[in-house]
Amino acid sequence: MDQQQNNVFARRASLISRKFSDYNIDSLFFFNTSNIFYLSGFSGSDGVLLLTPAKTILLVDGRYTTQASLQTKSVQVIEYKDKMSGIIQAIGDFRLKKIGFESDQLTVDIYNKISSGLHNKSFVPLSDELKLIRARKDKTEISLMKKAASIASSAICEALSEIRPGITEKDLAVQLEYSARKLGADQVSFDPIVASGKNSALPHAKPTTKKIKKGDFIVIDFGVKYKGYCSDETCTVAFGELTKKQKHAYQAVKIAQEEALVCIKSNVAANAVDRRARSAFHEKYRNYFVHATGHGVGLEVHEAPRLASNSQDVLETNMVVTVEPGLYFPGQWGIRIEDTVLVKENCCEKLTKMDKELIVI
């Protein structure tokens, strides 16, 4: 790890620790593995990060000591034998009094175990205060996300060339992942969605052994991870000729997405983007758009900010979000179009690469 990367982690930790007085804490425990990676570079699947104004401490068990030492040159690594005991001991060793933690990461059982060992100390839950800490991306993060998006788009393009009579949804999902790994992806960022015909009316459909047939819409929702960072893109294509109703519905989704994209820029309320997409559907289609317009993407495929009607988030420069309106007609078919975009001062930049004009195969 070079000095420049160490400086990035130190800067990120410093930005958070400056807010300790606002949170009325003197330290902060992170349990979320994505936040731990973001603040230290440690990519192990278990551990705890303790942030104080003076230093960053990574607590791990013996499985990860060597890995942590290799990946976190500017972080103090402490090995524990028992996680709960290790946390309580660190609190005592560093003389912490008001300890913040990610409230959405602890079960009641773990919270009670830690709290029972904290005599005359406060264990302070934080939630909304931490949700946006990774939302604004730096140049390196944006570059990695562009690469991830490029790989995923190329994999989708390759998979489309495989569509033919008799191919199943599962066949296409396997092809997607194979192509992505061949193109350089480390892994998929979520289980691929390949849904055709009636299955495409299910927003979170899983690939089945259903054979794709003429007249089907095929919804492909796919993303990869590249060096820790995710992509997310959805294409809906037609296999054979469509009805007028299907064509009109597709154009309605495309227009709704374009309306939302035009709305995205710095200082725009996230719920305003959702409202813009929803209003584009008018009365004819509005009841068939059943989910939020989008979400943040980064180290996780779903993170802040949310582009939803109840969101209180405000878009800022260098946030990365998806825009994915859709229409779903139960028992018939569904359509979703999704791009991942970078928020800029006066507009947004698409990171995903597939053209969203209707493709007929």
Test result for R278, surrounded by 17 or more Cβ atoms within 10 Å (Cβ to Cβ), assigned to a strand (DSSP E or B) and in the same structural domain as N199 (by TED's automatic domain parsing): no
Of residues in the stretch 210-237 being among the charged types (D, E, K, R) and more than 11 Å from the chain's Cα centre (by Cα), the one surrounded by the most Cβ atoms within 10 Å (Cβ to Cβ): E233
Every pair of residues 6+ apart whose Cβ atoms lie under 7 Å, when the first sits in the stretch 46-63 and is outside the structural domain of S27 (by TED's automatic domain parsing) while the second is in a loop (DSSP other than H, G, I, E, B): none
Which listed residue, of I218, I264, is assigned by TED's automatic domain parsing to the domain that holds W333, β-branched (V, I, T), touching a residue at least 40 places away in the same chain (Cβ under 8 Å) and more than 13 Å from R336 (Cβ to Cβ): I264
Residue check, E258 among the acidic types (D, E) and within 22 Å of the chain's Cα centre (by Cα): yes
Residue match in the stretch 115-130 (condition: part of a helix (DSSP H, G or I) and either small (G, A, S) or surrounded by fewer than 15 Cβ atoms within 10 Å (Cβ to Cβ) (or both)): yes
Members of the stretch 240-261 that are touching a Pro at 6+ places or on another chain (Cβ under 7 Å) and either of a type in the set (A, V, I, L, M, F, W, C) or not assigned by TED's automatic domain parsing to the domain that holds F329 (or both): V253, A256, A260
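Residue-wise test of (1) among the hydrophobic types (A, V, I, L, M, F, W, C); (2) more than 21 Å from the chain's Cα centre (by Cα); (3) within 29 Å of K131 (Cα to Cα).
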position	(1), (2), (3)
F239	yes, yes, no
V273	yes, no, yes
H291	no, no, yes
S311	no, no, yes
V323	yes, no, yes
Residue list for the stretch 192-228, restricted to those being at positive phi and assigned to a helix (DSSP H, G or I): G197
Answer residue from the stretch 298-341, given it is in contact with a His (Cβ under 6 Å, 6 or more places away or on another chain) and crowded, with 18+ Cβ neighbours inside 10 Å and is nearest to I36 (Cα to Cα) among those: R306
Qualifying positions in the stretch 342-357 - of a type in the set (A, V, I, L, M, F, W, C), crowded, with 19+ Cβ neighbours inside 10 Å and over 17 Å from the mean Cα position of the chain (by Cα): C348, M354
Residue in the stretch 171-183 that is touching a residue at least 12 places away in the same chain (Cβ under 8 Å), surrounded by fewer than 23 Cβ atoms within 10 Å (Cβ to Cβ), of a type in the set (S, T, N, Q) and closer than 16 Å to R336 by Cβ present: no
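The values are calculated or read from the model by the stated rules, or taken from the named source; none is laboratory data. Quantities reported herein were computed from a predicted structural model and do not represent experimental measurements. Cβ atoms come from the backbone with ideal geometry, glycine included; neighbour counts cover every protein chain shown.
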